[in-house]
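Colleague: If you scroll down you'll find the structure; I have some questions about it.
The values are calculated or read from the model by the stated rules, or taken from the named source; none is laboratory data. Being a predicted model, the structure only gives us computed values, none of them experimental. Backbone-built Cβ (ideal geometry, glycine too); neighbour counts: all protein chains shown.
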């Protein structure tokens, strides 16, 4: 089923992860997916299932990729759970679009802490707003007690749609920060939190439902001609990948693409004081460098080894948080401390309270298009001239005179706020890691603020 909601913050991740955990600890093989671009919710779903969590997005990852991943997962598991994104009908494409395309019955999670009869109207609207939407039922979250739950159930036009309620208990809440949920790997009691919610979910109609009564869906095998071999153009190359609490925004599918391209992957942790491994290219993924700025600033050996890597002409792909760490300085908002970072890109990154970038983006490299997205709370000021800009889906030029995210090319360093989905173009991905020329047009301009 697809776990959805009328809006963000309703408890989708809590319910999806708890449902997965409930069945996994009963010995069932469970796989989970996340609808849309997201790095944080999948941490909780992976903890609950013990398996990699891939994104499903009809635009970013593509319909064929979604279908192939669902088919492969269904062939080896007992229960398949997809967590939606934002509200059920939000975005283009939306979680509802994914549900209809693949016949995924929708479980609607509604935060009912401030409502009674309106709960029924909201549930009815979600189910019937679009005809033909597969439906599993509705679950109330943050409920005050049994009496409140009874009022919510009575508000439904069809009582059989009631799949239970979770109480309003801060112990069930998954902690959040400015980019979303705190990653499960950062909390020593993450599994205990999931088990606590799973215990409560086990007493609901949803939790008591036998597996045989859960919705059954068939995912057809992708056509054979859709499977395209990825040429191993990175064969013989080692890519060093930063991976720790400061650089954790990594799609498992991106690692799969690099491996399919023939690269050997070597992971290191700047926060742990690891040396840069011997490598031909470096990937600095996104994450939370702002939360670890003091520690990163103190990584003098890492600064020096990255500088030597660049001096040798070896490529670096720095993505969002990874790019932030490469600038001269990182300033915390509201007059906070300014940290001297790794100095491979001239300029300063400044944190801010409001979103500076959000939404799907695409980047053209050498005639190939990488799809992805952007999501950040910082801006950068640099004298570097952008080598290119991303564009919105379907656009080849900036829309309304507004450019997308800048791509900076500074020697062998390629950096952007853009998060790339490598599988959308293995050829463009290979260019990021130096397998072939970037083939970008230069632009004459002065100081850029992105």
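Colleague: Of the numbered conditions (1) closer than 23 Å to residue 90 by Cα; (2) touching a helix residue (DSSP H, G or I) at 6+ places or on another chain (Cβ under 7 Å), residue 351 satisfies every one except a single condition; which is it?
Modeller: So the condition that residue 351 fails would be (1).
Colleague: Condition first: in contact (Cβ under 8 Å) with a residue 40 or more places away in the chain and more than 24 Å from residue 67 (Cα to Cα). Now tell me which residues in region 98-124 satisfy that.
Modeller: 109, 110, 111, 112, 113, 122
Colleague: I'm trying to understand the selection: among the residues of region 19-44, which are surrounded by 21 or more Cβ atoms within 10 Å (Cβ to Cβ) and either assigned by TED's automatic domain parsing to the domain that holds residue 253 or modelled with pLDDT under 95 (or both)?
Modeller: Passing the criteria: 36, 37, 38, 39, 41, 42, 43, 44.
Colleague: Can you name every residue in region 264-286 that is surrounded by 22 or more Cβ atoms within 10 Å (Cβ to Cβ) and in a loop (DSSP other than H, G, I, E, B)?
Modeller: Looking only at region 264-286, we keep the residues that are surrounded by 22 or more Cβ atoms within 10 Å (Cβ to Cβ), and these are 270, 281-286.
270, 285 - these are the residues of region 264-286 that are surrounded by 22 or more Cβ atoms within 10 Å (Cβ to Cβ) and in a loop (DSSP other than H, G, I, E, B).
Colleague: Taking residue 56 as meeting all but one of (1) surrounded by fewer than 19 Cβ atoms within 10 Å (Cβ to Cβ); (2) over 26 Å from residue 144 (Cα atoms), write down the number of the exception.
Modeller: (1)
Colleague: Looking at region 135-156, is at least one residue in contact with a helix residue (DSSP H, G or I) (Cβ under 9 Å, 6 or more places away or on another chain), farther than 30 Å from residue 248 by Cβ, assigned to a loop (DSSP other than H, G, I, E, B) and modelled with pLDDT under 95?
Modeller: No, every residue in region 135-156 fails to be in contact with a helix residue (DSSP H, G or I) (Cβ under 9 Å, 6 or more places away or on another chain), farther than 30 Å from residue 248 by Cβ, assigned to a loop (DSSP other than H, G, I, E, B) and modelled with pLDDT under 95.
Colleague: For region 80-126, give me each residue that is surrounded by fewer than 20 Cβ atoms within 10 Å (Cβ to Cβ), in contact with a strand residue (DSSP E or B) (Cβ under 7 Å, 6 or more places away or on another chain) and in a helix (DSSP H, G or I).
Modeller: Scanning region 80-126 gives a single hit, 122.
Colleague: If I ask for residues that are over 12 Å from the mean Cα position of the chain (by Cα) and closer than 9 Å to residue 31 by Cα, which ones from region 49-59 would you list?
Modeller: 49, 50, 51, 52
Colleague: Please count how many residues of region 287-336 are without any contact (Cβ under 8 Å) to a residue 40 or more places away in the chain and in a loop (DSSP other than H, G, I, E, B).
Modeller: 6
Colleague: Can you say whether residue 326 is assigned by TED's automatic domain parsing to the domain that holds residue 283, within 19 Å of the chain's Cα centre (by Cα) and at pLDDT 90 or above, as far as the supplied structure shows?
Modeller: It is false that residue 326 is assigned by TED's automatic domain parsing to the domain that holds residue 283, within 19 Å of the chain's Cα centre (by Cα) and at pLDDT 90 or above.
Colleague: Here is a further query. For region 8-49, enumerate the residues that are in a loop (DSSP other than H, G, I, E, B) and in contact (Cβ under 8 Å) with a residue 40 or more places away in the chain.
Modeller: Those that are in a loop (DSSP other than H, G, I, E, B) and in contact (Cβ under 8 Å) with a residue 40 or more places away in the chain: 8, 9, 10, 11, 25, 28, 29, 36, 37, 38, 39, 40.
Colleague: Now for a different question. Looking at region 166-179, can you tell me whether even one residue there is at pLDDT below 95, surrounded by fewer than 16 Cβ atoms within 10 Å (Cβ to Cβ), part of a strand (DSSP E or B) and within 22 Å of the chain's Cα centre (by Cα)?
Modeller: Yes.
Colleague: With the requirement that a residue be modelled with pLDDT of 85 or more, more than 30 Å from residue 35 (Cβ to Cβ) and not in a strand (DSSP E or B), what does region 337-366 give you?
Modeller: 337, 341, 342, 343, 344
Colleague: Okay, next question. Do you know which residues across region 228-257 are in a loop (DSSP other than H, G, I, E, B) and either farther than 24 Å from residue 428 by Cβ or in contact (Cβ under 8 Å) with a residue 60 or more places away in the chain (or both)?
Modeller: Within region 228-257, 230, 231, 233, 234, 237, 245, 246, 248, 250, 251 meet the criteria.
Colleague: Residue 73 is checked against (1) under 26 Å from residue 426 (Cβ atoms); (2) modelled with pLDDT of 95 or more; (3) in contact with a helix residue (DSSP H, G or I) (Cβ under 8 Å, 6 or more places away or on another chain) and fails just one. What number does that condition carry?
Modeller: (3)
Colleague: Anything in region 18-46 that is in contact with a helix residue (DSSP H, G or I) (Cβ under 8 Å, 6 or more places away or on another chain) and closer than 14 Å to residue 80 by Cβ? List them, or say none.
Modeller: 19, 20, 23, 24, 28, 30, 31, 32, 33, 34, 35, 45
Colleague: What is the residue count in region 182-221 for residues that are modelled with pLDDT under 80 and surrounded by 18 or more Cβ atoms within 10 Å (Cβ to Cβ)?
Modeller: Of the residues in region 182-221, 2 are modelled with pLDDT under 80 and surrounded by 18 or more Cβ atoms within 10 Å (Cβ to Cβ).
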